[in-house]
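Colleague: I have a structure I would like to understand better, so I am pasting it below and will then ask my questions one at a time.
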Amino acid sequence: MEARTKGAETFDAWAEKWLRGYQMADSTRDMRRSVYERELKPKLGNQKLVEINHEDLRTLTDAIVERGAPATAVHSREIVMQVFRWAIERGQKVENPADLVCPASIAKFEPRDRALGPDEIALMYQYMDRIGTASSVRAAAKLLLLTMVRKSELTNATWDEINFSDALWTIPKERMKLRN
């Protein structure tokens, strides 16, 4: 076992394995890679998993919050938690520092209670024709306004999912956003 994990003991090595192997949407992977490269790799990348503790994570997330990016701090904690879980599930005998850093202790967010009203959606829909972009982009944006689905649900849609007679679009459960 020691020989198999010797080269993968740093946080960076485990993070790269997790980013490649963990099942997530491409957009989620891109966002997490960006946060990892920008926030975590410079501070934790060269450290071994056993060297990283909850105080290190708290210091890092506090610094991110202090510069005005609380959501990024919470994402950073989530990435650390997932990387450590990935490593622990693969036999690493380490404590997960994220277990002692609760997301609510990093930042508190006000729920979004503002939504576009029907008049605002209608106005946006009308102005879409004035945007100087490809007609396919305008059509996609209009469809998003009308259906309020996620971008990936629209871009991966197929004609057989749409029943024009009943005005019904059925998105397969396999394409619905998964909770990890």
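The values are calculated or read from the model by the stated rules, or taken from the named source; none is laboratory data. What you see is a predicted model, and the numbers here were worked out from it, not measured in a lab. For neighbour counting, all protein chains shown are included, and Cβ atoms are generated from backbone atoms with ideal geometry for every residue, glycine included. Surface areas here come from the heavy atoms of the whole protein model, side chains and all, with no ligands, DNA or RNA. Shrake-Rupley method; radii C 1.70, N 1.55, O 1.52, S 1.80 Å.
Colleague: For K17, go through the aspartates and glutamates and keep the ones whose alpha-carbon is under 15 Å away, minus same-chain ones fewer than eight residues off.
Modeller: E9, D30, E37, E89
Colleague: With every protein chain present, what is the per residue accessible area of the chain (1.4 Å probe, Å²)?
Modeller: Value returned for the chain: 68 Å² of accessible area per residue.
Colleague: Enumerate the residues in the range 141-180 having an amide nitrogen under 17 Å from the point lying 7 Å beyond the Cα of R130 toward its Cβ.
Modeller: Taking a point 7 Å out along Cα→Cβ of R130, the residues of the range 141-180 whose backbone N falls under 17 Å are 142.
Colleague: Quickly rank 154-166, 98-110, 69-81 as a protection proxy: mean count of other C-beta atoms within 10 Å, highest first.
Modeller: 69-81, 98-110, 154-166
Colleague: Which of the lysines could a cross-linker span from K173 if the Cα-Cα distance has to be under 24 Å and same-chain partners fewer than 8 positions apart are dropped?
Modeller: K142, K151
Colleague: Name the residue, out of T61, T147, T133, whose mean-square fluctuation peaks in a Gaussian network model built on the chain with Cα pairs under 10 Å.
Modeller: Fluctuation is largest for T133.
Colleague: Still on this structure, please answer the following. Report, to the nearest whole %, how much of the accessible area of the chain belongs to carbon and sulfur atoms, 1.4 Å probe, protein only.
Modeller: 54 percent
Colleague: Full extension from I171 to K151: what is 0.36 nm times the residue separation minus their Cα-Cα distance, to one decimal in nm? Please list the in-between numbers first.
Modeller: On the way: separation 20, 0.36 × 20 = 7.20 nm, distance 1.25 nm.
Extra length from I171 to K151 when fully extended: 6.0 nm.
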